[in-house]
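The values are calculated or read from the model by the stated rules, or taken from the named source; none is laboratory data. All figures in this text were calculated on a predicted structure; none of them were measured in a lab. Quick reminder, even Gly has a Cβ in these numbers, built from the backbone with ideal geometry, and neighbours come from all protein chains shown.
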Amino acid sequence: MQLIKLDATDSTNGYLKGLLRTQNVEDFTVVVTSNQKKGRGQLGRSWITEPGKNLTISILKHFEALNISEQFILNIASSMAVYHTLKHYAIPDLQVKWPNDIMSGDKKICGILVENMVKGQGITSSVIGIGLNVNQTNFEDTLRATSMQLRLGKELDIDQVMDMLIKEMAISFENFEARSVLEAKELYIAKLFRCNMESRFMGFDKNEFRGSIRGISDSGLLLVELKNGRQKEFRHNEIRLLY
Ligand code: BTN
């Protein structure tokens, strides 16, 4: 494992992808910074984090035979690694909000951005970026965010959290190579936020509707049972959970 520690960078995902463009990069190369200046989130959003307070880290994985139809397995493996890291620290009420936000209670404690390099039908490499709120205690209300410090009432050693997360990522990716997709999916669904509870959603057309999350499809789409009893599959940009 190669660990690259940067004093500051725009985005650890961006840095790792830049390296990949110019040279061979070893499997499981890790890039971390204590000052990420232009962090990127899912759906083109930005990821803002207070310098020196949180973990902003990206991990590179190479694959020999991973079909793009199986890409959701990467979200599962990385979510499970964060989940187990936080479990180790006894963070309460952990769940995974589809597709890969880690929640403590009804607040987000960690976000994950998986970016894949694709050749034909295969994923050759993946940059897995993790933004874990460790010691930040002030968040904009609208973000509905929390941190390890807020949940535990004490400051944490960010390097120790990082070591644990890297270890859990290694375990999770070994397990995922050994496990069937079905097994991995079951583990994920067992931790799915607001599964089998009636919730409010916002659709693509900005209309609100009610339904209950029932799980995920084989390709990782969200399965929601609507009020009329019909089950529908949604992509990430097609639905927003309003709780
Ligand atoms: C999200 O919830 O929207 C995903 C956030 C992912 C943030 C991490 S921080 C480390 C890595 N580098 C980035 O620019 N983004 C990811």
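When restricted to residues that are in contact with a Ser or Thr (Cβ under 6 Å, 6 or more places away or on another chain) and either within 15 Å of the ligand (Cβ to nearest atom) or under 21 Å from K37 (Cβ atoms) (or both), the stretch 135-162 contains 2. Contact annotation: residue pairs with Cβ atoms under 8 Å, 6 or more positions apart or on different chains, pairing a residue in the stretch 152-179 that is under 11 Å from Y89 (Cβ atoms) with a partner that is assigned to a helix (DSSP H, G or I) and not aliphatic (A, V, I, L, M), are L156/Q149; V161/T85; M164/T85; M164/H88; L165/T85. Count of the stretch 152-204 residues, restricted to those that are surrounded by 13 or more Cβ atoms within 10 Å (Cβ to Cβ), among the hydrophobic types (A, V, I, L, M, F, W, C), closer than 24 Å to D218 by Cα and touching a strand residue (DSSP E or B) at 6+ places or on another chain (Cβ under 7 Å), is 8. In the stretch 68-79 there is no residue that is more than 11 Å from the ligand (Cβ to nearest atom) and more than 23 Å from L221 (Cα to Cα). Of the residues I68, I76, I91, the single one that is of a type outside the set (D, E, K, R) and out of contact with any helix residue (DSSP H, G or I) (no Cβ under 9 Å at 6 or more places or on another chain) is I68. Taking the criterion of being within 19 Å of G41 (Cβ to Cβ) and not in a strand (DSSP E or B), the residues of the stretch 227-243 that qualify are R235, H236, N237, E238, L242.
Within the stretch 1-54, restricting attention to residues that are assigned to a helix (DSSP H, G or I) and in contact (Cβ under 8 Å) with a residue 40 or more places away in the chain, the residue that is farthest from the ligand (Cβ to nearest atom) is L20. Kindly indicate whether G52 is touching a Phe, Trp or Tyr at 6+ places or on another chain (Cβ under 7 Å) and closer than 19 Å to L156 by Cα. Against the criterion (touching a Phe, Trp or Tyr at 6+ places or on another chain (Cβ under 7 Å) and closer than 19 Å to L156 by Cα), G52 does not qualify.
Going by the conditions given, is D106 modelled with pLDDT of 95 or more, more than 14 Å from the ligand (Cβ to nearest atom), over 20 Å from T33 (Cβ atoms) and more than 14 Å from the chain's Cα centre (by Cα)?
Yes, satisfied.
Within the stretch 56-111, the only residue that satisfies the criterion of being closer than 21 Å to T142 by Cβ, in contact (Cβ under 8 Å) with a residue 60 or more places away in the chain and surrounded by fewer than 17 Cβ atoms within 10 Å (Cβ to Cβ) is D106.
Under the condition of being more than 16 Å from T49 (Cβ to Cβ) and outside any strand (DSSP E or B), the residues counted in the stretch 118-141 number 3.
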